[in-house]
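The values are calculated or read from the model by the stated rules, or taken from the named source; none is laboratory data. Every value quoted in this text rests on a predicted model; they were computed, and no experiment measured them. Virtual Cβ from ideal backbone geometry, glycine too; neighbours counted across all protein chains shown. With ligands, DNA and RNA removed, areas are computed over all heavy atoms of the protein, side chains included. Shrake-Rupley method; radii C 1.70, N 1.55, O 1.52, S 1.80 Å.
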Amino acid sequence: ANGYYYSRWAKCIHSSRDFSDMVFIDNMIFNKDVYIQFNSTVGEFVGYTEHGVFNARRRNDDPNILQSERAQVDVVCKHNAEIRQAAIADKT
């Protein structure tokens with residue numbers, strides 16, 4: 001209906017077994033359009049709209065936010081991928 005829609009989708013992508021190519025992507029979406037994104041290969045936030053550019057700049061200027069987001073590739077992605085890979089390997 002009429003209103004605003006916000007969502008945040010974070011995903012981990014890799015194709016190697018040793019997770020050396022692991023990428024963490026964090027999308028912030030407003031009304032079905034990505035307006036700001038963090039990609040671990042870029043290492044900082046990128047804005048795709050005027051509002052997104054403003055927020056990306058604010059997030060990139062905060063060392064705590066940037067450090068936390070950069071750590072997600074190891075803390076979340078690689079950690080969970082290792083757990084899942086071990087569970088799969090145990091079944092084969």
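See the values below:
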{"read-out": "Amide H partners (placed H, <5 Å) of ALA10, local residues excluded", "value": "ASN27"}
{"read-out": "Of GLY52, SER20, ILE83, farthest towards positive along the dipole that unit charges on Lys, Arg, Asp, Glu beta carbons give the stretch 6-89", "value": "ILE83"}
{"read-out": "Integer Hz, Karplus 6.51/-1.76/1.60 couplings in order for the stretch 60-77, x for Gly and Pro", "value": "5, 7, 9, x, 5, 5, 5, 5, 4, 5, 5, 6, 4, 4, 8, 5, 9, 5"}
{"read-out": "log10 of Debye I(q)/I(0), alpha-carbon scatterers only, for the stretch 6-89 at 0.12, 0.19, 0.24 Å⁻¹", "value": "-0.39, -0.82, -1.10"}
{"read-out": "Distant-in-sequence amide H partners of GLU44 (H built 1.01 Å from N, under 5 Å)", "value": "ASN39"}
{"read-out": "Backbone HN-Hα couplings from phi across the stretch 19-36 [Karplus 6.51/-1.76/1.60, Hz, Gly and Pro as x]", "value": "6, 5, 9, 4, 10, 10, 10, 10, 9, 10, 10, 10, 6, 6, 10, 5, 10, 8"}
{"read-out": "Rough spin-label spacing in nm, given labels placed 7 Å along Cα→Cβ, for GLU50 and PHE30", "value": "1.1 nm"}
{"read-out": "THR41 versus ALA87: modelled label distance in nm, points set 7 Å from Cα along the beta carbon direction", "value": "2.7 nm"}
{"read-out": "Between helix 79-91 and the chain: long-axis angle, C-alpha atoms, 0 to 90°, nearest 10", "value": "30 degrees"}
{"read-out": "Amide H partners (placed H, <5 Å) of VAL34, local residues excluded", "value": "none"}
{"read-out": "Residue-normalised accessible area of the chain, given per residue in Å² at a 1.4 Å probe", "value": "72 Å²"}
